[in-house]
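The values are calculated or read from the model by the stated rules, or taken from the named source; none is laboratory data. Because the structure is a prediction, the values reported are computed rather than measured. Virtual Cβ from ideal backbone geometry, glycine too; neighbours counted across all protein chains shown. The protein model used for the area step is the full one, side chains on, heavy atoms only, and it has no ligands, DNA or RNA in it. Shrake-Rupley method; radii C 1.70, N 1.55, O 1.52, S 1.80 Å.
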Amino acid sequence: MKAKTVKLPDGTTVPAIGQGTWYMGERNSEHRSEVNALKQGLDAGMTLIDTAEMYADGGAETVVGEAIAGRRDDVFLVSKVYPHNAGGAKAIVACEQSLKRLQTDCIDLYLLHWRGSIPLHDTVAAMEILQQSGKIRHWGVSNLDTDDMQALWKIPGGEQCMTNQVLYHAAARGIEFDLLPWSEEHGVPVMAYCPLAQAGKLRQDVLTAPVMQKIAEGRGVTSSQIALAWVIRSGNVIAIPKAVQPQHVKDNAAAMMLSLSDDEIAQIDAAFPAPNYKTPLDMV
């Protein structure tokens, strides 16, 4: 079976499971293991790496930069800009600082981390300048709800957004009511952070849930692999779990080969039902 992939609006294909870096770069004692984990993930086919200037005040980007050194062409690199830096000259400076930490001259996908006080049209304009200068290839957003995406689409150039990165896992399914259908209708893949329910207001023990453990045992895999396979089941969602332990990295990569049956999906749906009404966007 082939590893699952997701196609971005411009036709670029990326792995359905990438690597997150939230909480990386915070302790020097973990630096080497974090770099090695990202390298292992790349070797296993998880060639999309997501990071942000916010993570450890740039420390995570430094870890990523070391991990991708000498193999930049193998990586689809994603980073995120603070809302207060997402416009005008600040955006240029923030991007250049990220590039320096990442030890590269171009970011494949640069995201607005969440919506702040800078108008979206200013952010779009800054992203276009960064594209024209060759500092980024594509841009997108993170933590934007349906009304935000609709507002973005009304801005000239706003429809060039490549993805919306949001919190999504079996216990946090609010996006399925309107944001996920909107995204699918407009051909914008969703990038799911915390896909193993590591954080968020709606956090539950997804991995220890009886349904997850039962399906995992029947498949001879881990419950985290079942949780990841569930997140990427539609073909329009990219999951970006963070892992440092070698076995966890190996498990995450193997989940790209795992397809759940309709019955297994129904069992998970019964244990973690999606809301049939609008809920606030869960986020960290």
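Which of the numbered conditions does Trp230 fail, given that it passes all the others? Conditions: (1) of a type in the set (Phe, Trp, Tyr); (2) open to solvent by less than 20 Å² (accessible area, probe 1.4 Å); (3) farther than 16 Å from Ala170 by Cα.
Answer for Trp230: the failing condition is (3).
Of the numbered conditions (1) on the phi < 0 side of the Ramachandran plot; (2) open to solvent by less than 70 Å² (accessible area, probe 1.4 Å), Gly235 fails exactly one; give the number of that condition.
(1)
Within region 241-268, which residues are of a type in the set (D, E, K, R) and open to solvent by 50 Å² or more (accessible area, probe 1.4 Å)?
Lys242, Lys250, Asp262, Asp263 - these are the residues of region 241-268 that are of a type in the set (D, E, K, R) and open to solvent by 50 Å² or more (accessible area, probe 1.4 Å).
Do any residues in region 75-87 that are farther than 18 Å from Ala60 by Cβ have Cβ atoms under 7 Å from those of residues that are of a type in the set (D, E, K, R) and not in a loop (DSSP other than H, G, I, E, B), where the two are at least six apart or on different chains, and which pairs are they?
Gly87/Asp122
Please go through (1) out of contact with any helix residue (DSSP H, G or I) (no Cβ under 8 Å at 6 or more places or on another chain); (2) at negative phi for Gly11 and return the number of the only condition it doesn't satisfy.
With respect to (1) out of contact with any helix residue (DSSP H, G or I) (no Cβ under 8 Å at 6 or more places or on another chain); (2) at negative phi, Gly11 is out only on (2).
Sort through Leu260, Leu202 and tell me the only one that's at pLDDT below 95 and over 17 Å from the mean Cα position of the chain (by Cα).
Details: Leu260 fails: at pLDDT below 95.
When all the criteria are applied, what remains is Leu202.
Quick one: in region 219-235, of everything that is in contact (Cβ under 8 Å) with a residue 60 or more places away in the chain and in a loop (DSSP other than H, G, I, E, B), which residue is farthest from Gly20 (Cα to Cα)?
If we take residues in region 219-235 being in contact (Cβ under 8 Å) with a residue 60 or more places away in the chain and in a loop (DSSP other than H, G, I, E, B), then Gly235 is farthest from Gly20 (Cα to Cα).
Within the bounds of region 100-115, is there any residue that is in contact with a Ser or Thr (Cβ under 7 Å, 6 or more places away or on another chain), surrounded by fewer than 23 Cβ atoms within 10 Å (Cβ to Cβ), closer than 29 Å to Asp178 by Cβ and not β-branched (Val, Ile, Thr)?
The answer is yes; a qualifying residue exists.
Among (1) under 19 Å from Arg72 (Cα atoms); (2) open to solvent by 70 Å² or more (accessible area, probe 1.4 Å), there is one condition Lys2 misses while meeting the rest; what is its number?
Result: Lys2 passes all but (1).
Can you find a residue that is out of contact with any helix residue (DSSP H, G or I) (no Cβ under 6 Å at 6 or more places or on another chain) and not in a helix (DSSP H, G or I) anywhere in region 81-99?
Kept after step one, since they are out of contact with any helix residue (DSSP H, G or I) (no Cβ under 6 Å at 6 or more places or on another chain), are these residues of region 81-99: 82-84, 88-90, 92-93, 96-97, 99.
Cutting the leftovers down to not in a helix (DSSP H, G or I) gives us 82.
For region 81-99, residues out of contact with any helix residue (DSSP H, G or I) (no Cβ under 6 Å at 6 or more places or on another chain) and not in a helix (DSSP H, G or I): present.
Residues in region 38-60: is at least one surrounded by fewer than 19 Cβ atoms within 10 Å (Cβ to Cβ), part of a loop (DSSP other than H, G, I, E, B), acidic (Asp, Glu) and in contact with a strand residue (DSSP E or B) (Cβ under 8 Å, 6 or more places away or on another chain)?
No; the residues of region 38-60 include none that is surrounded by fewer than 19 Cβ atoms within 10 Å (Cβ to Cβ), part of a loop (DSSP other than H, G, I, E, B), acidic (Asp, Glu) and in contact with a strand residue (DSSP E or B) (Cβ under 8 Å, 6 or more places away or on another chain).
May I ask you to list pairs of residues, at least six apart or on different chains, whose Cβ atoms are under 7 Å apart, with the first in region 121-149 being in contact (Cβ under 8 Å) with a residue 40 or more places away in the chain and the second being small (Gly, Ala, Ser) and buried (at least 17 other Cβ atoms within 10 Å of the Cβ)?
Every condition considered, the pairs that remain are Ala126/Ala86; Ala126/Gly87; Ala126/Ala91.
Tell me which of these Met1 doesn't satisfy, since it passes every other one: (1) of a type in the set (A, V, I, L, M, F, W, C); (2) at pLDDT 95 or above; (3) out of contact with any Pro (no Cβ under 8 Å at 6 or more places or on another chain).
With (1) of a type in the set (A, V, I, L, M, F, W, C); (2) at pLDDT 95 or above; (3) out of contact with any Pro (no Cβ under 8 Å at 6 or more places or on another chain) applied to Met1, the lone miss is (2).
In region 252-272, what residues are part of a loop (DSSP other than H, G, I, E, B) and without any contact (Cβ under 8 Å) to a residue 40 or more places away in the chain? Can you show your working first?
Narrowing region 252-272 to residues part of a loop (DSSP other than H, G, I, E, B): 258-261, 272.
Leu258, Ser261, listed by residue number.
Say we look at region 61-77 and pick out the residues that are of a type outside the set (A, V, I, L, M) and outside any loop (DSSP other than H, G, I, E, B); which of these is surrounded by the fewest Cβ atoms within 10 Å (Cβ to Cβ)?
Of the residues in region 61-77, the ones of a type outside the set (A, V, I, L, M) are 61-62, 65-66, 70-74, 76.
Applying the additional criterion that residues be outside any loop (DSSP other than H, G, I, E, B) yields 61-62, 65-66, 72-74, 76.
Working: Glu61: 29, Thr62: 21, Gly65: 21, Glu66: 18, Arg72: 15, Asp73: 6, Asp74: 10, Phe76: 20.
Per the stated criteria, the residue is Asp73.
Assess whether Ala266 counts as being touching a strand residue (DSSP E or B) at 6+ places or on another chain (Cβ under 7 Å) and at pLDDT 95 or above.
no
Could you tell me which numbered condition Tyr82 fails, if it satisfies all but one of (1) over 30 Å from Asp147 (Cβ atoms); (2) surrounded by fewer than 19 Cβ atoms within 10 Å (Cβ to Cβ); (3) under 17 Å from the mean Cα position of the chain (by Cα)?
(1)
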